[in-house]
Amino acid sequence: MGNPEEETLSDFQLFIGNKNYSSWSFRPWIGLKQAGIPFTEELVPFDFKNGNPAFRPFSPTMKVPVLKDGSLTVWESLAILEYAADVFPDAGLWPGDVGLRAHARAISAEMHAGFTALRSACPMNMRREPGRIGIDGKVQADIDRIVAIWRECLDRSGGPFLFGGFTIADAMFAPVVSRFATYLLSDDPTVATYSAAMMSLPAWIEWQEAAVQEPWTVEEEEV
Ligand SMILES: N[C@@H](CCC(=O)N[C@@H](CS)C(=O)NCC(=O)O)C(=O)O
């Protein structure tokens, strides 16, 4: 396999949670969509009160996202995107240059492992009316670090995405872009420009349009 445009079919089956809230699901979903990699979407709504029993048949961690490719199961958002980049090496999911690729992997891993203060204080909630909330020093430190990462990448690449064209790094930061917009977390012009580019992607619009129409409310995620 190589170029997704030359592929008529893939067996990729992506299990995701509610589009309005599932920030981890959004990452591989927008990455695969943006790269033109075909997949079947299986949306399984959260059922936190009962421990999400419907996740048991497909998810070894009882979390989403999960990718199935035939008999293979891949969990963890970044591992799913890495697998897609391996299966479709011509899809441009990582920068071509080895040094830029290392940088893109570093910030993607930093996102995957970190920014816990921001993630817990400001859950992704695409339906929420934009508005500020009180934020503490730890959340502000996460915001400052994210803005520094974006500014460094965009200054070097010239945009519109972190490494010029859309890569896994953008997919990993997509839910943060959404949080910045929902909770009005930064007035930095770099954030505004980058967010506008991300939020005008057809894949972003498709996800958001579905998210805002979902009937489910998850109280734990409403701030
Ligand atoms: N590190 C995991 C995080 C997955 C995760 O926490 N997913 C959330 C939804 S966004 C989930 O399934 N939560 C259900 C639960 O914790 O019971 C990844 O990158 O995929």
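The values are calculated or read from the model by the stated rules, or taken from the named source; none is laboratory data. Note that the structure is predicted; figures quoted are calculated from it, not measured. Because the Cβ atoms are built from the backbone with ideal geometry, glycine has one as well, and the counts that use them run over all protein chains shown. We work out accessible area using only protein heavy atoms, side chains counted, and drop any ligands, DNA or RNA first. Shrake-Rupley method; radii C 1.70, N 1.55, O 1.52, S 1.80 Å.
Before moving on, here are some points about what is shown:
- Per-residue ellipticity at 222 nm computed for the chain from its helices equals -15000 deg cm²/dmol, with DSSP H segments shorter than 4 residues left out and the rest contributing -39,500 (n - 2.57).
- Dipole size of the chain about its Cα centre, with +1 on Lys/Arg Cβ and -1 on Asp/Glu Cβ: approximately 480 debye, rounded to the nearest 20.
- On the chain, 51 percent of the accessible area sits on carbon and sulfur atoms, based on a 1.4 Å probe.
- Sequence-distant residues sharing a close amide H with E42 (under 5 Å, placed H): L14, F15, I16
- Total formal charge among the other residues, if their Cβ is under 13 angstrom from that of V218, Lys/Arg +1 and Asp/Glu -1: -2
- Per-q log10 I(q)/I(0), the chain, q = 0.14 Å⁻¹ (Debye; single scatterer per alpha-carbon; no solvent): -0.87
- Scalar couplings 3J(HN,Hα) for region 99-110, obtained by applying the Karplus form with A = 6.51, B = -1.76, C = 1.60 to θ = phi - 60°, are x, 5, 5, 5, 5, 4, 5, 5, 6, 5, 5, 4 Hz; x denotes Gly and Pro.
- Each Lys or Arg adds one and each Asp or Glu takes one away; over the other residues whose Cβ falls under 13 Å from the Cβ of E110, this sums to +1.
- For G164, the amide hydrogen comes within under 5 Å of the amide hydrogens of G159, counting only partners 5 or more places away or on other chains and with H modelled in the peptide plane.
- Dipole magnitude for region 94-157: computed about the Cα centre from +1 point charges on Lys and Arg Cβ and -1 point charges on Asp and Glu Cβ, it is near 180 debye.
- Counting charges near K19 (Lys, Arg +1; Asp, Glu -1) among other residues having Cβ under 14 Å from its Cβ returns a value of -2.
- Counting heavy atoms of the protein chains alone, W216 has an accessible area of about 90 Å² for a 1.4 Å probe.
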